[in-house]
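In what follows, a single structure is set out as structure tokens and then discussed.
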Amino acid sequence: MGTSSAKPAKLLAYRDAGIAQVEKWEPEVANLSTALGGLRDALAGLDLPEGCELSILFEEVWFDTLTRNQRHLDEWVGDVGDEFLRASGRARDDIGPDDSFTVDDAAIVVGFADRDRAERQAADDAAALARILGPTGLINPYELANDPDKLDEMARLYPELRDILARSARFHADEDYAVALVNALGPTNVRTLADLANTFGIAADRGKADGAWDGYVVPLATLLGNADRSGRLDDSVRDALFDMDAGDEQGGEGADHNFIIKDQLADMRYRSLTLLLAAGTFSPETTARMADTIIHDGPLAPSFYDYSGFTNYQFLADHRPLAANEWAALDALTRDDHAANIFYGLHDGRNLYLLNGGLGADTAARRLGVSPGDVAGDIDRTLADSLTGGLQNYPLATGTVYSPETTRLIAHLVEAAGDDYVDAPDAVRRALAQISTPYTRDLAVAAEGYDRYLPDGRLPGLSGDEVDKFFREVSESKEARLVLGQNAAALVSTEIGESARDIAASDPNAFGQGSTLATAYYRELGEAWDHVQVDRLAQREALVAGWRSFTDPVVDLVSGKIVEKIPVVNAAADLPLAKNVVDGITGTIKDSINSAVYDHAIPRPELESMTTWRDAIEDDVEHAVAKGLYDDPATRQHFLDRAAAGGDPAYASVMADGQVTFDEFGRLGGVSDAVLTQSHRIVDGFQSDMAFDKMFGGG
Amino acid sequence: MSVPKDPPDYGYYPERMRPVPFPTASAQAAIAVCDRIAALLESDLGARPGLVAGARDGWEGAYRVEFDETWRIQEVRLAGLKEDLRRLSGQITTAVNNAAAINGQRATARANYLAEQQSETSGAGAN
């Protein structure tokens, strides 16, 4: 082969524009099918006179074929563009529209531009695989223990399978090829291939199938994942992956009357499922189902002797989550926010009760040769990330933060966190506090008891008692307390913003609702913090640091304005993309939380000297009131007009350049009066409703 | 012979006068979809040369050849499908129109037939 040149940006632009066209055609395929099918049905059996007869060919089938062909071709062009980038070591963001690259043809690894040709190749490859495969990919545990030749015999299949899979790796991005191949293989062969993933793992652990992870598991999982994501995988083939009972199959002999062997065979299959999940990228629905199956139905601790493959220390050093099936399952969820969202909604929210963490820690510790405590923290962070991805990032990215499905899930999460049997690790507590941020006002409403003068809460069926238990659980973590402190400050700030016009009008009840909600939220926090015996200075620190560190994105989350600010992505979009959409927002929040503890660490003497709400937050509340008045264009203009009409001496200098900055705005006499009056009212309200001593137990 | 009180009781009429049971609503729905897709294809195929030219800009080698060959066949097929849909839409439209024309003629024939029958009935009564 020779060399190829291209401008990758042009190929990718073609792909995007071409797919945009095809996406308009695709729904029309079904419309044409319905219309022509309906007409054919209506004409069937009619005896029509000459001139009224119709013969309708199957244009809808041809349209479907050509639409699929076009998508295939357009995606292929994009694959070629991606390959030029990969071969040149460049990223898309890193190139200009006319940057040209020349590479060896062999460096471009793509399938065929023509879909028919790709599917014919898939059929050939499926036949080649089927010829090699025996009736089973399992090794009976009894034989594994007593007849080492059996494993050698099975391991001898590896090089041939590896070579075919290496050929098929050319089609790593081709879903049409993958689904044609996998469907042609059928459920029995796919089950055998899946079983071999673990069997080769056992062989690899014993030095009999070197490289089987990269040479077998990864390409097989890539194929299966591509086929699954195409949306055209036969259900029977997918279900074969979830068939954990080998008792009725060759290789599973003895399982029907020996529960130990039955469980050991099931251990092998759960491990196979785990390996495929870890190595592939499946659809969100299948990823969630795989994780759910592994976590809920898999063995709590694989039996001794361990029949799980790819568990030797050297391998796990580079693939730590594979040290335990449950950890690997959670890890897969962290790579797919949509899958995590589905996972936590499965079975009426039962996965929300996994909050205790430590899933698989004993097994992982045994395989890694460390103590469970050493590995539990890593597993808990993975769990926390999956929660944040599924219950915060995904709803934010898809504009479903306040959809009925999400609010039901969040209400259930709050309830689960407060369950008597839940004692979450700190990483999870922090995640829970963050996830609760967009629902801060709703938690305050529930805490207050759904007063008829308050807005409706959006968390269905949540009681004040459940909010209390949620806060108690979450508040045992210092970082989570800080998040809650930020949420509280952002709630006050939000309510001030919404009251800006009433404040400007000197309405004495301007902050009435805000006061009720903020008081309820602070009261719940204070009671929870007392209950879990957070010491007084730590309470003050979280409260004050929350005020000093909350950011605009936090206010946007609490106020719900975030929904308008994040460009909503298609729910079916690639989830890493969805994650990126919200990373700018959640990243800012994470950064503020990470740094707040240190940047805003409040010296102990200062904390000790605070004995009133005024000491603690008055300056911050003043700032929030001024900002609320400044941010609302109507109130900003109101105070400017007043200053002009009243001959405010500051007015001329403030408006010298025709603009008014926030600092300049605060210098206007009317503004400073309103700020002082209102901030005093707010702080006095907190002081009288929940005296510092009462909430924080005195100095 | 009884005259139908509340036509259309089409069974009353000779078969050649009964309405053609043409599925006009289904036919019109099919016409609409065929026309819409044909227009979509026409518009998108019109834009494709620009897209394809963009991709081909600076693209040389084996994969460019593979693209050209595949796109050449696909373009011909898509253009053919667009024409097929137009033709089908036209055929269905003709059938709809023919059915409507025949039904118009048959309605007239039924009205005449009914008038004749009523006239015969009243004439028989006068006798």
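The values are calculated or read from the model by the stated rules, or taken from the named source; none is laboratory data. None of these values were measured; they are calculated from a predicted model. No Cβ is skipped: glycine too gets one built from the backbone with ideal geometry, and neighbour counts run over all protein chains shown.
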- Message: If I filter segment B:31-45 down to residues being within 14 Å of B:Gly80 (Cα to Cα), surrounded by 20 or more Cβ atoms within 10 Å (Cβ to Cβ) and aliphatic (A, V, I, L, M), which single residue comes out as nearest to the chain's Cα centre (by Cα)?
- Response: B:Ile37
- So A:Ser236, is it crowded, with 22+ Cβ neighbours inside 10 Å, touching a residue at least 40 places away in the same chain (Cβ under 8 Å), closer than 21 Å to A:Ala126 by Cα and in contact with a Pro (Cβ under 9 Å, 6 or more places away or on another chain): no
- Query: Can B:Arg77 be described as exposed (fewer than 13 other Cβ atoms within 10 Å of the Cβ) and farther than 30 Å from A:Leu48 by Cα?
  - Reply: no
- Item | B:Trp71 being at the interface with chain A (Cβ under 7 Å from one of its Cβ atoms), touching a Phe, Trp or Tyr at 6+ places or on another chain (Cβ under 8 Å) and closer than 17 Å to A:Leu73 by Cβ | no
- Scan (1) among the hydroxyl-bearing types (Ser, Thr, Tyr); (2) more than 8 Å from chain B (Cβ to nearest Cβ); (3) in a helix (DSSP H, G or I) for the single condition A:Tyr14 breaks and write down its number. (2)
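Residues are listed down the side, and each one gets a yes or a no for (1) modelled with pLDDT under 95; (2) of a type outside the set (A, V, I, L, M):
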| site | (1), (2) |
| --- | --- |
| A:Thr3 | yes, yes |
| A:Arg15 | no, yes |
| A:Gly18 | no, yes |
| A:Leu32 | no, no |
| A:Leu46 | yes, no |
| A:Phe58 | yes, yes |
| A:Val77 | no, no |
- Message: Please return the ranges of helices (runs of 4 or more DSSP H) entirely within segment A:183-284 where 2 or more residues are within 20 Å of A:Asp163 (Cα to Cα).
- Response: A:218-229, A:259-279
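Residue-wise test of (1) acidic (Asp, Glu); (2) surrounded by 21 or more Cβ atoms within 10 Å (Cβ to Cβ); (3) at pLDDT 95 or above; (4) part of a loop (DSSP other than H, G, I, E, B).
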| position | (1), (2), (3), (4) |
| --- | --- |
| A:Leu383 | no, yes, yes, no |
| A:Pro395 | no, yes, no, no |
| A:Thr400 | no, no, no, yes |
| A:Asp420 | yes, no, no, yes |
- Select from segment A:60-96 the residues that are of a type outside the set (D, E, K, R), in contact (Cβ under 8 Å) with a residue 60 or more places away in the chain and in contact with an Asp or Glu (Cβ under 8 Å, 6 or more places away or on another chain) and write down the one among them that is surrounded by the fewest Cβ atoms within 10 Å (Cβ to Cβ). A:Gly78
- Message: Looking at (1) more than 9 Å from chain B (Cβ to nearest Cβ); (2) acidic (Asp, Glu); (3) part of a loop (DSSP other than H, G, I, E, B), which one does A:Glu26 not meet, given that it meets all the others?
- Response: (3)
- Message: Considering only residues that are among the aliphatic types (A, V, I, L, M) and either closer than 19 Å to A:Ala13 by Cα or more than 9 Å from every other protein chain (Cβ to nearest Cβ) (or both), which ones fall in segment B:36-68?
- Response: B:Ala38, B:Ala39, B:Leu45, B:Ala47, B:Leu51, B:Val52, B:Ala53, B:Ala55, B:Val65
- Task: State the number of residues belonging to segment A:86-124 that are farther than 19 Å from B:Glu66 by Cβ and within 35 Å of the chain's Cα centre (by Cα).
- Result: 11
- Query: Which condition number does A:Ser5 fail, the rest of (1) within 30 Å of B:Asn103 (Cβ to Cβ); (2) surrounded by fewer than 20 Cβ atoms within 10 Å (Cβ to Cβ); (3) facing another protein chain (nearest Cβ under 7 Å) being met?
  - Reply: (1)
- For segment B:22-35, what are the residues that are facing chain A (nearest Cβ under 7 Å) and not hydroxyl-bearing (Ser, Thr, Tyr)? B:Phe22, B:Pro23, B:Ala27, B:Ala29, B:Ala30, B:Val33
- Complete set of residues in segment A:303-352 that are of a type in the set (Val, Ile, Thr) and either without any contact (Cβ under 8 Å) to a residue 40 or more places away in the chain or assigned to a loop (DSSP other than H, G, I, E, B) (or both): A:Thr311
- segment A:83-158: helices (runs of 4 or more DSSP H) wholly inside it with 1 or more residues that are in contact with a Ser or Thr (Cβ under 8 Å, 6 or more places away or on another chain) are A:115-132, A:148-155
- Residue within segment B:10-21 that is at pLDDT 95 or above and within 7 Å of chain A (Cβ to nearest Cβ) present: no
- Query: How do the pairs read when you match residues in segment A:41-59 that are within 7 Å of chain B (Cβ to nearest Cβ) and surrounded by fewer than 14 Cβ atoms within 10 Å (Cβ to Cβ) with residues anywhere that are assigned to a loop (DSSP other than H, G, I, E, B) and of a type outside the set (S, T, N, Q), using Cβ under 8 Å and keeping only pairs 6 or more apart or on different chains?
  - Reply: A:Leu46/B:Pro21; A:Leu46/B:Phe22; A:Leu46/B:Pro23; A:Pro49/B:Val20
- Task: Kindly indicate the residue of segment A:105-163 that is closer than 25 Å to A:Asp79 by Cα and of a type in the set (Gly, Ala, Ser) and also farthest from the other protein chains (Cβ to nearest Cβ) among those meeting that condition.
- Result: A:Ala126
- Task: May I ask you to list the residues in segment A:171-207 that are free of Cβ contacts under 8 Å to residues at least 12 places away in the same chain and crowded, with 24+ Cβ neighbours inside 10 Å?
- Result: none
- Message: touching a helix residue (DSSP H, G or I) at 6+ places or on another chain (Cβ under 9 Å), within 13 Å of A:Thr274 (Cα to Cα) and not acidic (Asp, Glu): is that true of A:Phe242 in this structure?
- Response: yes
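So, in segment B:84-117, of the ones that are more than 19 Å from A:Asp47 (Cα to Cα) and within 8 Å of another protein chain (Cβ to nearest Cβ), which residue ends up surrounded by the fewest Cβ atoms within 10 Å (Cβ to Cβ)?
At the first step, the residues of segment B:84-117 found to be more than 19 Å from A:Asp47 (Cα to Cα) are B:84-90, B:108-117.
Keeping just the survivors that are within 8 Å of another protein chain (Cβ to nearest Cβ) gives B:84-85, B:88.
Working: B:Asp84: 16, B:Leu85: 25, B:Leu88: 22.
Here the residue is B:Asp84.
Among the residues of segment A:463-483, is there at least one that is among the β-branched types (Val, Ile, Thr) and under 30 Å from A:Tyr630 (Cβ atoms)? Outline the logic, then answer.
Step one: of segment A:463-483, the residues among the β-branched types (Val, Ile, Thr) are A:467, A:474, A:483.
If we keep only those that are under 30 Å from A:Tyr630 (Cβ atoms) as well, we get A:483.
Yes, some residue in segment A:463-483 is among the β-branched types (Val, Ile, Thr) and under 30 Å from A:Tyr630 (Cβ atoms).
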- Message: From the list A:Gly358, A:Gly389, A:Gly373, exactly one residue is touching a residue at least 60 places away in the same chain (Cβ under 8 Å), more than 18 Å from the chain's Cα centre (by Cα) and farther than 21 Å from A:Val467 by Cα. Which is it?
- Response: A:Gly358
